[in-house]
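Asks: Before we start, here is the structure in question, set down as structure tokens.
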Amino acid sequence: MKKNHLLVAIRSSKQLHRHPTAQREVPLVDSASPIDIRLILEAHMSKLQQANEHLVISALQAQMMTKEIQKAKDRMGHMAHHDSLTNLPNRILLKERTVQALSLAKRHHSKLAVLFIDLDRFKTINDSLGHAAGDKLLQEVAQRLLDAIRSTDTVSRQGGDEFVLLLSEVIDEHAVSTFVDKMCRMLNTPYFINGQELHVGCSIGISMFPEDGDDAETLIGNADLAMYHAKKSGRDRYHFFKPEMNARAVERQTLEGDLHRALKNAEFEIYYQAQSGLASGHINSAEALIRWHHPARGLLMPAMFVPIAEESGAIVRIGRWVLLESCRQMQVWLVDGMLLDVVAVNISALEFGRNDFLQHVRDVLRHTGLPPHHLELELTETVLMKDASETMRTLSALHAMGVRIAIDDFGTGYSSLSYLKQFPVDTLKIDKSFVAGITDNDGDKILVDAVICLGKNLGHRVVAEGVETQAQLEFLRSHACLEGQGYFLGLPMVAEQFLQSLKLRAESGVPVRA
Ligand code: C2E
Ligand code: MG
Ligand code: MG
């Protein structure tokens, strides 16, 4: 013990607990009386008590902080596994649950179903009513899905308007179908968001364990693929996964790869199909239609590759080539003395929406020397209606250049009649699906007749597409449709053949034009 120090037992509860005989030295002032010593002792004791209290408080605070940290950790864990908008499990948790469900199903030899759900027309709702309404709708959909399932099943949101359901212990496909029918009825009941009544459909793809895969990734991927097929075949329906779907997906991927070298290897060719005067039978114009001579698969039609080219973006380069080649060919025919009105070129949405589209058209016309009024660009209603003010600007600029505009497949998209009046459009092409029905379907008759009148009254050229029979031709003629295009009037053919058919008609007395 130091000199002038007194040994004092410490009454700290904690220390006493651990070291019942804990002692501490306190300084002793020289020549202190016993009273002084008592006072000193008391002062030290109260300091010790205070220190003790601080210690207890700190310990409590530390305990509370640990709880807070744990809570924050839990929250972060929850956030990492849940979707913030709907609070449903996200794709990470779905995968974990699928892995668990799979191991159970394998042990019990039971079946599982994975449902990939994509809302139809959600983007339209989101764009027209705003994101806040879109979010509310997604939350409502999430709730209805939760109401539809059993507690052993999982509903997850994959992002956007995509949800995945994991159904455990299902009996067979039939039982899944029954569930899906019930769920669709729940989802299809109108939604009331911000005072608006909304109707939402959905496309669903379904994969089953063990038939369609035995790991989470394959099952979810195959359900996604089946959903894509459901969407393609007209929305608002469900498809069970079939192995051929995978084959088609692989084919798509291969074609997408092949498309990249197709331009470089000059594998594309343009066919020309006549647009003829229905009264006289003479060829007025030609539509340029692309074909692909695939080195391994032979001649491919646009339906086989244009959608893939649109999705991958390759359509921009392909479309540029089509425009250049068709304008070059048309100018050759005109210089040769062929009296053709226009070459019509199909333009896809991606091309039309590009900033450099106008400049490209200008460059092509300058490069080929084709007078602008001999070029007609075919656009669908959907492309035109995408962004009306932007469309208006582009169309006006094209019109100012002298280029003509046609609305392709008229009647199949949705267009606003007021825009139809405002847009500088020159030609309406009546879709072939209506023409196909004009001889025996009253609805089609009325529709075709109405479009002919509408076009005429707006001062447009009207061309009926897909004329395949004499009877259709007669109907169109008697309803004062002046022009048509179709197998009955002329098949799409390569440039050389098209020229021959032009010459043949001229020789046989049918004037090349009116
Ligand atoms: P579209 O622009 O509506 O072209 C008319 C389609 O109808 C052509 O199909 C043509 O061959 C076909 N057709 C012609 N007459 C008849 C007939 O009497 N009956 C029937 N059932 N069909 C007839 P094709 O050549 O297979 O082209 C299909 C679509 O692919 C075109 O439809 C067009 O949207 C697109 N397309 C074609 N070439 C191009 C292109 O160079 N660029 C872009 N972006 N799309 C193209
Ligand atoms: Mg067309
Ligand atoms: Mg068409």
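The values are calculated or read from the model by the stated rules, or taken from the named source; none is laboratory data. Small disclaimer: the values here were computed from a predicted structure and weren't measured. All Cβ positions, even for glycine, are placed from backbone atoms using ideal geometry, and neighbour counts span all protein chains on display.
Asks: Test Leu94 against the criterion of being part of a helix (DSSP H, G or I), among the hydrophobic types (A, V, I, L, M, F, W, C) and touching a Leu at 6+ places or on another chain (Cβ under 8 Å), and give yes or no.
Replies: Values: part of a helix (DSSP H, G or I): yes; among the hydrophobic types (A, V, I, L, M, F, W, C): yes; touching a Leu at 6+ places or on another chain (Cβ under 8 Å): yes.
Answer is yes for this residue.
Asks: Can Ser285 be described as polar (S, T, N, Q), away from ligand 2 (no atom under 14 Å from the Cβ) and either touching a residue at least 60 places away in the same chain (Cβ under 8 Å) or under 15 Å from Asp258 (Cβ atoms) (or both)?
Replies: Values: polar (S, T, N, Q): yes; away from ligand 2 (no atom under 14 Å from the Cβ): no; either touching a residue at least 60 places away in the same chain (Cβ under 8 Å) or under 15 Å from Asp258 (Cβ atoms) (or both): yes.
Against the criterion (polar (S, T, N, Q), away from ligand 2 (no atom under 14 Å from the Cβ) and either touching a residue at least 60 places away in the same chain (Cβ under 8 Å) or under 15 Å from Asp258 (Cβ atoms) (or both)), Ser285 does not qualify.
Asks: Select from segment 378-400 the residues that are away from ligand 3 (no atom under 16 Å from the Cβ), without any contact (Cβ under 8 Å) to a residue 40 or more places away in the chain and either in a helix (DSSP H, G or I) or touching a Gly at 6+ places or on another chain (Cβ under 6 Å) (or both) and list them in ascending order.
Replies: Selection gives Met385, Ala388, Ser389, Glu390, Thr391, Met392, Arg393, Leu395, Ser396, Ala397, His399, Ala400.
Asks: Which residues, counting only those in segment 379-389, are surrounded by fewer than 20 Cβ atoms within 10 Å (Cβ to Cβ) and within 14 Å of ligand 1 (Cβ to nearest atom)? First the steps, then the outcome.
Replies: Within segment 379-389, the first condition is being surrounded by fewer than 20 Cβ atoms within 10 Å (Cβ to Cβ), and the residues that meet it are 382, 385-389.
Across segment 379-389, the qualifying residue is only Thr382.
Asks: Being surrounded by 21 or more Cβ atoms within 10 Å (Cβ to Cβ), over 38 Å from the mean Cα position of the chain (by Cα) and closer than 29 Å to Val322 by Cβ is the requirement here; does Leu499 meet it?
Replies: no
Asks: For segment 362-377, which positions are part of a helix (DSSP H, G or I) and more than 14 Å from ligand 1 (Cβ to nearest atom)? Walk me through how you get there before you give the answer.
Replies: Step one: list which residues in segment 362-377 are part of a helix (DSSP H, G or I), which gives 362-368, 372-374.
Selection gives Arg362, Asp363, Leu365, Arg366, His367, Thr368, Pro372, His373, His374.
Asks: Kindly indicate which of Gln422, Gln359 is of a type in the set (S, T, N, Q) and modelled with pLDDT under 95.
Replies: Numbers: Gln359 fails: modelled with pLDDT under 95.
Answer to the check: Gln422.
Asks: Within the bounds of segment 184-204, is there any residue that is over 19 Å from Leu88 (Cβ atoms), in the same structural domain as Thr98 (by TED's automatic domain parsing) and hydrophobic (A, V, I, L, M, F, W, C)?
Replies: yes
Asks: Is there a residue in segment 416-435 that is buried (at least 19 other Cβ atoms within 10 Å of the Cβ), among the aromatic types (Phe, Trp, Tyr) and part of a helix (DSSP H, G or I)?
Replies: yes
Every residue, every condition in (1) more than 16 Å from Ala303 (Cα to Cα); (2) within 16 Å of ligand 3 (Cβ to nearest atom); (3) surrounded by fewer than 18 Cβ atoms within 10 Å (Cβ to Cβ), yes or no:
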position: Lys232; (1), (2), (3): no, no, yes
position: Tyr238; (1), (2), (3): yes, no, no
position: Glu251; (1), (2), (3): no, no, yes
position: Glu256; (1), (2), (3): no, no, yes
position: Asn265; (1), (2), (3): yes, no, yes
position: Glu269; (1), (2), (3): no, no, yes
position: Gln273; (1), (2), (3): yes, yes, no
position: Ser276; (1), (2), (3): yes, yes, no
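Asks: On the basis of being of a type outside the set (A, V, I, L, M), surrounded by 14 or more Cβ atoms within 10 Å (Cβ to Cβ) and within 25 Å of Gly234 (Cβ to Cβ), does Asp444 make the cut?
Replies: yes
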